[in-house]
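What follows is a short report on a single structure.
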Amino acid sequence: MAEKPKVAFYWCGSCGGCEEAVVDLAEDLLTVAEAVDIVLWPVAMDFKKKDVEALPDGAIVASFINGTVRLSEHEEWVKLLRKKSQLVFAFGSCAHLGGIPGLANLSNRQEIFQWYYHEGPTVHNPSGAVPTPDFKANGHAFELPEFWDTARALDQVIEVDYYIPGCPPPPHIVKDAVMKLLQGNLPPKGSVLAGDRALCHECPLNETKPEKLLIKDVKRPHEVVPKPDECLLAQGLLCLGPVTRGGCGALCINAHMPCTGCFGPMDHIQDFGAKGLGALASILDYTEEDDLDRILEKIPDPVGTFYKYSLPASLIRRKNMGGKSS
Amino acid sequence: MSAYEPKIVGIFCNWCAYTAADLAGISRMKYAPNVRIVRVMCSGRFDPQMVFWAFKHGADGVLIAGCHPGDCHYQEGNYKALRRFKLLQKLLDQLGIERERVRLEWISASEGEKVKQVIDEMTETLRRLGPLRIQETPQAPEAVGTAGGGHHG
């Protein structure tokens, strides 16, 4: 019997939702597990770094890597997996675009440590201890990963062959990617494994989207119970459907929540947040600056609204903290 | 620092602002040579992506100029520019980029003098602010070596 293709799963800075997404394959997971030889999956199986290091280069057919690259440990691992793998799949929004943890790029290491180890209201740290890469305790030397100023998308660290979008990727998207891999009919390298049309095209409410969309008020999801049969944008909810890659099956819309953009931009868009901001700002139905100032108060966090999943992959990647550019 | 000359990308609408810039040229007005004007058909063509693209590629400021309110050749393009501009300003605050680096002006075809005045003013403002440095290399302050490539952008 021919040897089964080796695959690896790895997580960087992530919440674990992408691991859930693999388990969400349900019965299909058994088919996949049958067809492949899993050589690494930290959440579920006990393999060590040395096991991966012992493999010949290119021995892994595909590595599925989720999470944002935030620590030196993440970088070491993904570089190792790149060396050992024929194909690397960025799995989920964090690996694809930097993800929600990428919003930490509005800050830097110093600010983050200051809050989490000193200033936060629930912090009790009388000795003022902060994580350091090397420390000794009871005569033993310990090593911790380095924490970086900036979170990165996977392709800002290693070459990535394919992207599986979503936060987390829905089961049909994961299954489709795995089947394409096993059947050897993957699209050109660099592809995002979903459609390349806006979510609006597959939205069940698309029919109700007015020909000319203009809104007088912006509503936040907690403020309204949306009508189930009218375009959410027309109802004043900031839905990023017009700029977001479709393919998810309009999961959030079906749950009466606006799209927040986890599938990221379509191929022709360079900067998701800037595009989304441009698209949605233009439908605010006011022409006077005072009126606009007033309605824009309803968008208190533009970065969190438009770059919820993609700040590290945006054109400028992070907040300008002054001084330390390199 | 004294050698620093700001670079401004101008996004000028065909019908008003660009025509005004032409007028300024024909009238031999002298104004700061720091602006590189891109002609677009309408200020409504302005997309915040253009601003970040310009910043990433070395611009210190972006000047968007279109027809006065009510005068847009396409009825409402300049209002769309205004709405994007207003929201973009809030975004710039969060990203640590000074608001003055992006400026929106209404300049009619006859206002060659205003082209001169706005460009001179903005150049002076940017001189004061200094160069915009986009922080590219994401590393710990003391970490050595450089980050990997990156296919984005």
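Let me spell it out: the conditions are (1) acidic (Asp, Glu); (2) surrounded by fewer than 17 Cβ atoms within 10 Å (Cβ to Cβ); (3) touching a residue at least 24 places away in the same chain (Cβ under 8 Å); (4) not in a loop (DSSP other than H, G, I, E, B), and A:Glu19 meets all of them except one. Which number is the exception?
The failed condition is (2).
Going by the structure shown, is A:Lys324 modelled with pLDDT under 95, out of contact with any helix residue (DSSP H, G or I) (no Cβ under 6 Å at 6 or more places or on another chain) and closer than 21 Å to B:Asp47 by Cα?
Judged against the criteria, A:Lys324 is not a match.
How many residues are more than 14 Å from every other protein chain (Cβ to nearest Cβ) and in contact with a helix residue (DSSP H, G or I) (Cβ under 7 Å, 6 or more places away or on another chain) if we restrict to region B:28-42?
Going through region B:28-42 one residue at a time, the tally reaches 7.
Among the residues of region A:256-270, are any at negative phi and at the interface with chain B (Cβ under 9 Å from one of its Cβ atoms)?
yes
Determine whether A:Leu238 is within 14 Å of chain B (Cβ to nearest Cβ), farther than 30 Å from A:Val88 by Cα and surrounded by 20 or more Cβ atoms within 10 Å (Cβ to Cβ).
Here the answer is yes, as A:Leu238 does meet what is asked.
Mind checking which residues of region A:155-171 are within 16 Å of A:Ser310 (Cβ to Cβ), in a loop (DSSP other than H, G, I, E, B) and either outside the structural domain of A:Arg82 (by TED's automatic domain parsing) or under 14 Å from the mean Cα position of the chain (by Cα) (or both)?
Correct list: A:Pro165, A:Gly166, A:Cys167, A:Pro168, A:Pro169.
Given (1) on the phi < 0 side of the Ramachandran plot; (2) out of contact with any strand residue (DSSP E or B) (no Cβ under 9 Å at 6 or more places or on another chain); (3) within 12 Å of chain A (Cβ to nearest Cβ), identify the lone condition not met by B:Gly25.
Of everything listed in (1) on the phi < 0 side of the Ramachandran plot; (2) out of contact with any strand residue (DSSP E or B) (no Cβ under 9 Å at 6 or more places or on another chain); (3) within 12 Å of chain A (Cβ to nearest Cβ), B:Gly25 misses just condition (3).
Sort out which residues of region A:277-326 are under 20 Å from B:Met50 (Cβ atoms), part of a loop (DSSP other than H, G, I, E, B) and either small (Gly, Ala, Ser) or more than 7 Å from chain B (Cβ to nearest Cβ) (or both), and write them in order of number.
A:Ser282, A:Ile283, A:Tyr307, A:Ser310, A:Leu311, A:Ala313, A:Ser314, A:Arg317
Counting just the residues of region A:38-55 that are part of a helix (DSSP H, G or I) and charged (D, E, K, R), which one comes out surrounded by the fewest Cβ atoms within 10 Å (Cβ to Cβ)?
For region A:38-55, the residue satisfying everything is A:Lys50.
List pairs: first in region B:8-25 and farther than 20 Å from B:Gly77 by Cα, second acidic (Asp, Glu), Cβ under 7 Å, 6+ apart or cross-chain?
Matching pairs, first to second residue: B:Ile8/B:Asp60.
List the number of the failed condition for A:Ala274; all other conditions in (1) facing chain B (nearest Cβ under 9 Å); (2) part of a loop (DSSP other than H, G, I, E, B) hold.
Unmet condition: (2).
Test each condition in (1) within 13 Å of another protein chain (Cβ to nearest Cβ); (2) touching a Pro at 6+ places or on another chain (Cβ under 7 Å) for A:Ile158 and report the one that comes out false.
Just one mismatch for A:Ile158, condition (2).
Does A:Pro210 satisfy being away from chain B (no Cβ under 11 Å), at pLDDT below 95 and touching a His at 6+ places or on another chain (Cβ under 9 Å)?
Judged against the criteria, A:Pro210 is not a match.
What number of residues within region A:161-177 satisfy the criterion of being crowded, with 24+ Cβ neighbours inside 10 Å and within 12 Å of another protein chain (Cβ to nearest Cβ)?
Residues that pass the stated criteria total 1.
Taking only pairs six or more apart or across chains, which ones have beta-carbon atoms under 7 Å, a first residue in region B:43-69 that is more than 9 Å from chain A (Cβ to nearest Cβ), and a second residue that is among the aromatic types (Phe, Trp, Tyr) and in a helix (DSSP H, G or I)?
Short answer, once both residue conditions are applied: B:Ile64/B:Phe85.
The values are calculated or read from the model by the stated rules, or taken from the named source; none is laboratory data. The structure displayed is predicted, hence computed values, not measured ones. Methodologically, a virtual Cβ is constructed for each residue, glycine included, from the backbone with ideal geometry; neighbour enumeration extends over all protein chains shown.
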